[in-house]
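Novice: One structure, as structure tokens, below. Some questions next.
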Amino acid sequence: MKIVDIRTHKLEVPLAHPLRISLGIVTHAISCLVEVVTDEGIIGYGEGSPGPLITGENLAGTVATVAALREKLIGQDPRDIEAVNAIASRTVAYAMTAKAAVDIACHDILGKSTGLPLYKIMGGMSGEIETDMTVGIDEPEKMAALAKKHVEDGFDTIKTKVGTSFSDDIARVKAIREAVGDAVKIRLDANQAWHAKEAVNLIERLADYDIELVEQPVQRYDFDGLKYVTSHSPVPIMADEACWDSKDALRLVSEHAVDYINIKLMKCGGLYEARKIVQIAEAGGVECMLGCMAEESGIAINAAAALGAGMKNITRADLDASFSLSELPFEGGFTVKDTRHLVLSSEPGLGIKGLKPWVMA
Ligand code: MG
């Protein structure tokens, strides 16, 4: 089997609810959807979603990089995942969203050509995964009302964005805890907002509201700060922006700098690299969460959900971005059970049947 073409489609659609985080505001789903076409008629679907606030990339760059990868991958067997990733690494440094798009599509082809759903290829621990629901930064009362609505809809873990000011963050978390009651898990994400000692001080106060974990309290490059917070915080700490790939994971895990790692396919360049992170983390006793970019439109979330369901060391999921879209750009993929469970397709690969006509236009 050989790759004969890689087609790209730009997607830029407004979110039903813009998401404000400490770094800025996300208003649109922004994605490069790809079709990897083979000489045997199988098409693999992938997605590269640049999150400018996190990855520093943009849509035009992702599309151009996929075009550069296309030149090197024509004639390559897409089922040789190691080889595909080796070619992508040699072709361009960084550019993880473009690499993720191609990697996901090649995994989809591997599933389709073997007749196996992707979660089976990823390990097959389970065929479904439970996701949390994220509440963006806003006035405390508005955040509490939204969190309460999500719980009434069926979510039982709320991820809350924080990181503007000490007093506002305490007011937010207090209001949300009072609104959702004691049975709901609350996890926080500061998106790099704090200095290390400030973080410990604030987390000690926030711990009164029974917090499950705090994601990325300090700047992504502040390794020593992250390690300090992890060793002094009464609440477990998760690395997100501090962990891009398996090399970051190895250092974080071996130096006991975090309690958990949040993996995103758009940071690490796809399923191939994500699996390495999961396995390094597992060897060091660190559990992983599968996350997504707020800009993602769902194809990559299908891939992340398959990975998360398939591997036992992925114990949490924050795969809620596609809930913000009024219409998904593709047919097929996972179904949603009881609001919060993503049930993977039993069809081969990702189970995606095709892109909607409005994407192809
Ligand atoms: Mg995060």
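The values are calculated or read from the model by the stated rules, or taken from the named source; none is laboratory data. Computed from a predicted model, the values in this text were never measured in an experiment. Ideal geometry is used to build each Cβ from the backbone, glycine not excepted, and the neighbour counts take in all protein chains shown.
Novice: Would you confirm whether any residue within segment 50-57 is touching a residue at least 60 places away in the same chain (Cβ under 8 Å), farther than 21 Å from residue 17 by Cα and crowded, with 16+ Cβ neighbours inside 10 Å?
Specialist: Yes: segment 50-57 contains one or more residues that are touching a residue at least 60 places away in the same chain (Cβ under 8 Å), farther than 21 Å from residue 17 by Cα and crowded, with 16+ Cβ neighbours inside 10 Å.
Novice: I would also like to ask the following. Sort through 161, 148 and tell me the only one that's touching a helix residue (DSSP H, G or I) at 6+ places or on another chain (Cβ under 9 Å) and either surrounded by fewer than 16 Cβ atoms within 10 Å (Cβ to Cβ) or within 23 Å of residue 228 (Cα to Cα) (or both).
Specialist: Criteria check complete, one pass: 161.
Novice: With respect to residue 312, is the statement that it is away from the ligand (no atom under 16 Å from the Cβ), basic (Lys, Arg) and part of a strand (DSSP E or B) true? Talk me through it step by step, then tell me what you get.
Specialist: Working: away from the ligand (no atom under 16 Å from the Cβ): yes; basic (Lys, Arg): yes; part of a strand (DSSP E or B): no.
In short, no.
Novice: Note down all Cβ pairs under 8 Å where the first residue falls in segment 211-225 and is assigned by TED's automatic domain parsing to the domain that holds residue 191 and among the aromatic types (Phe, Trp, Tyr), the second is within 11 Å of the ligand (Cβ to nearest atom) and part of a loop (DSSP other than H, G, I, E, B), and they're at least six residues apart or on different chains.
Specialist: Between residues of segment 211-225 that are assigned by TED's automatic domain parsing to the domain that holds residue 191 and among the aromatic types (Phe, Trp, Tyr) and residues that are within 11 Å of the ligand (Cβ to nearest atom) and part of a loop (DSSP other than H, G, I, E, B), the close pairs are 221/242; 223/242.
Novice: Go through (1) within 23 Å of the chain's Cα centre (by Cα); (2) of a type in the set (Val, Ile, Thr); (3) more than 16 Å from the ligand (Cβ to nearest atom); (4) surrounded by fewer than 23 Cβ atoms within 10 Å (Cβ to Cβ) and name the single condition residue 211 misses.
Specialist: Residue 211 satisfies every listed condition except (3).
Novice: Okay, next question. Name the residues in segment 187-204 that are within 14 Å of residue 226 (Cα to Cα), in a helix (DSSP H, G or I) and either among the acidic types (Asp, Glu) or within 16 Å of the ligand (Cβ to nearest atom) (or both), would you?
Specialist: Matches in segment 187-204: 198, 199, 203.
Novice: Could you list, in sequence order, the residues of segment 175-186 that are out of contact with any helix residue (DSSP H, G or I) (no Cβ under 6 Å at 6 or more places or on another chain) and either part of a helix (DSSP H, G or I) or crowded, with 23+ Cβ neighbours inside 10 Å (or both)?
Specialist: 178 - this is the single residue of segment 175-186 that is out of contact with any helix residue (DSSP H, G or I) (no Cβ under 6 Å at 6 or more places or on another chain) and either part of a helix (DSSP H, G or I) or crowded, with 23+ Cβ neighbours inside 10 Å (or both).
Rundown of residues vs (1) at pLDDT 95 or above; (2) within 16 Å of the ligand (Cβ to nearest atom); (3) not in a loop (DSSP other than H, G, I, E, B), yes/no style:
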| residue | (1), (2), (3) |
| --- | --- |
| 316 | yes, yes, yes |
| 322 | no, no, yes |
| 336 | yes, no, yes |
| 339 | yes, no, no |
| 347 | yes, no, no |
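Novice: Anything in segment 116-140 that is out of contact with any Gly (no Cβ under 9 Å at 6 or more places or on another chain) and over 18 Å from residue 335 (Cβ atoms)? List them, or say none.
Specialist: Residues satisfying the conditions are 132, 134, 135, 136, 138, 139, 140.
Novice: Does residue 283 qualify as being over 29 Å from residue 15 (Cβ atoms), in the same structural domain as residue 323 (by TED's automatic domain parsing) and not polar (S, T, N, Q)? Let's see the steps before the verdict.
Specialist: Working: over 29 Å from residue 15 (Cβ atoms): yes; in the same structural domain as residue 323 (by TED's automatic domain parsing): yes; not polar (S, T, N, Q): yes.
Judged against the criteria, residue 283 is a match.
Novice: Somewhere in segment 290-298, is a residue crowded, with 24+ Cβ neighbours inside 10 Å and of a type in the set (Ser, Thr, Tyr)?
Specialist: yes
Novice: Residue 182 - would you say it is more than 16 Å from the ligand (Cβ to nearest atom) and not hydrophobic (A, V, I, L, M, F, W, C)? It would help to see each step written out before you state the result.
Specialist: On the way: more than 16 Å from the ligand (Cβ to nearest atom): yes; not hydrophobic (A, V, I, L, M, F, W, C): yes.
Yes, satisfied.
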